[in-house]
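As structure tokens, the structure follows; a few thoughts come after it.
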Amino acid sequence: MPTLNTNAVVHQKESLADLISMISPEETPFVSSIGKSKATATKTEWLQDTLAPANKDNSLAEGADANDSTIVGPVRLSNQAQIFTKDVRVSGTLQAVSTAGTSDELARQIAKAGKELKRDVESALVSANPSVAVGTRKLGGAEAWIKTNAFHGANGATIGYSGGAVGAVTAGTGRALTETMFVGMLQGIWTAGGDPKKVIAPGTLKSKISSFVGGGTRQQMAKDKTVHQAVDVYVSDFGTVDIIPHRFMSTNCVIGYDPELWKQAVVRSLKKEELAKTGDSDKFMLITEISLESLNEAGNGKIADLNG
């Protein structure tokens, strides 16, 4: 008599793990590193002032009258607030049936949407998006703000903040990232009076930075069989910066920045709003309204138009 096996029967139970695995990244390094401010309008505004250039010839003849100094007031800057939303709609039946991995699918979907919103905000704040004031408002991202120390390929350009708005970035000819470019960016920021503390780079360009030779030698720890390949801290003549891989920024750009020169301006903190019930489902909207304040773009830098 042949052996009865699982292929010959239809009543075996399914083996479904009571776990929902999620591998999507959640980290938000830029938002997590900068400060926060409270915005009270859809167009957030702030003031920026700078010191006069150092004057090595500042001198006065003995007994002379005081010189007439040129006094310059602060500059008024602004950015638009962007509304970020996520809708969650779960049927009554799905909430009633038994589901694997969760006892409350509605709560799980709301939590998931909250994580997605955090990623959307991070992506917008570091982006090259220009600001949009009419219709669906958009905030100008950090990559679009950085103009003074913007290092482009041929024909590339950054307008930056002009005429009350953050302009669009013009792409240039692609080129490979070099250590000379990297140090040049840090020097440009330092020359402008900035003090860069962090550098964010997409994965492929982070790997390129890790191949920089600098003035050091790679270490291999024979005792614990560990090879240190990554460059996570770069010490230059113009400051020490943390190198952070970033998943949501432009794939052809490296940004060096000082977290103290940026703020996330919050018009509305993240809220969960229940929507009107129109049928056999529960509907919620997650909503937040945020802008980005660039307190002094000259204290930051970027290398754009890079090949991965």
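The values are calculated or read from the model by the stated rules, or taken from the named source; none is laboratory data. These figures come from a predicted structure and were not determined experimentally. All Cβ positions, even for glycine, are placed from backbone atoms using ideal geometry, and neighbour counts span all protein chains on display.
What are the residues in the range 90-113 that are aliphatic (A, V, I, L, M) and either over 25 Å from Lys271 (Cβ atoms) or modelled with pLDDT under 85 (or both), if any?
So the first thing to find is which residues in the range 90-113 are aliphatic (A, V, I, L, M), and the list is 90, 94, 96-97, 100, 106-107, 110-111, 113.
Passing the criteria: Ala96, Val97, Ala100.
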Q | Count of residues meeting criterion [out of contact with any strand residue (DSSP E or B) (no Cβ under 8 Å at 6 or more places or on another chain) and either surrounded by 14 or more Cβ atoms within 10 Å (Cβ to Cβ) or of a type in the set (Ser, Thr, Tyr) (or both)] in the range 95-109 | A | 5
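Do you know which residues across the range 246-261 are over 10 Å from the mean Cα position of the chain (by Cα) and either over 15 Å from Gly153 (Cα atoms) or acidic (Asp, Glu) (or both)? Let's see the steps before the verdict.
Restricting attention to the range 246-261, the residues satisfying the condition of being over 10 Å from the mean Cα position of the chain (by Cα) are 251-254, 256-261.
Gly256, Tyr257, Asp258, Pro259, Glu260, Leu261 - these are the residues of the range 246-261 that are over 10 Å from the mean Cα position of the chain (by Cα) and either over 15 Å from Gly153 (Cα atoms) or acidic (Asp, Glu) (or both).
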(Q) Can you report the number of residues in the range 166-182 which are surrounded by 14 or more Cβ atoms within 10 Å (Cβ to Cβ), in contact (Cβ under 8 Å) with a residue 60 or more places away in the chain, out of contact with any Asp or Glu (no Cβ under 9 Å at 6 or more places or on another chain) and aliphatic (A, V, I, L, M)? (A) 3
Q) In the range 234-291, how many residues are surrounded by 21 or more Cβ atoms within 10 Å (Cβ to Cβ) and on the phi > 0 side of the Ramachandran plot? A) 0
Q.
I'd like to check something: does the range 81-92 contain any residue that is assigned to a loop (DSSP other than H, G, I, E, B), touching a residue at least 24 places away in the same chain (Cβ under 8 Å), farther than 15 Å from Ser291 by Cβ and among the hydrophobic types (A, V, I, L, M, F, W, C)?
A. no
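Could you tell me whether any residue of the range 219-233 is in a loop (DSSP other than H, G, I, E, B), modelled with pLDDT under 95 and closer than 25 Å to Trp145 by Cβ? Don't jump to the end; show me each part of the working.
Step one: list which residues in the range 219-233 are in a loop (DSSP other than H, G, I, E, B), which gives 219, 222-225, 228-232.
Filter again for modelled with pLDDT under 95, leaving 219, 222-225, 228-232.
Filter once more, so that each one left must be closer than 25 Å to Trp145 by Cβ: none.
Within the range 219-233, not a single residue is in a loop (DSSP other than H, G, I, E, B), modelled with pLDDT under 95 and closer than 25 Å to Trp145 by Cβ.
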Q.
Return the residues of the range 170-196 that are closer than 15 Å to Gly301 by Cβ, touching a Gly at 6+ places or on another chain (Cβ under 8 Å) and β-branched (Val, Ile, Thr); say none if nothing qualifies.
A. Ile189
(Q) Could you tell me how many of the residues in the range 175-203 are over 22 Å from the mean Cα position of the chain (by Cα) and part of a loop (DSSP other than H, G, I, E, B)? (A) 4
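Within the range 131-151, is there a residue that is at pLDDT below 95 and not basic (Lys, Arg)? Quick ask: steps written out before the conclusion?
At the first step, the residues of the range 131-151 found to be at pLDDT below 95 are 134-135.
Those still in the list that are not basic (Lys, Arg) too: 134-135.
So far as the range 131-151 goes, yes, one or more of its residues are at pLDDT below 95 and not basic (Lys, Arg).
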Q. Out of the range 131-147, which residues are crowded, with 19+ Cβ neighbours inside 10 Å and farther than 22 Å from Leu270 by Cα?
A. Glu143, Ala144, Trp145, Ile146, Lys147
Q: Have a look at Leu51, Leu47, Leu19 and point out the one that is part of a strand (DSSP E or B) and either modelled with pLDDT of 85 or more or over 30 Å from Ile290 (Cβ atoms) (or both).
A: Leu47
Q: State which residue is nearest to Ala171 (Cα to Cα) when the search covers only the range 125-140 and only residues that are outside any loop (DSSP other than H, G, I, E, B) and of a type in the set (A, V, I, L, M).
A: Val126
Q) Given the conditions (1) part of a loop (DSSP other than H, G, I, E, B); (2) surrounded by 14 or more Cβ atoms within 10 Å (Cβ to Cβ); (3) among the acidic types (Asp, Glu), which single one is not true for Glu122? A) (1)
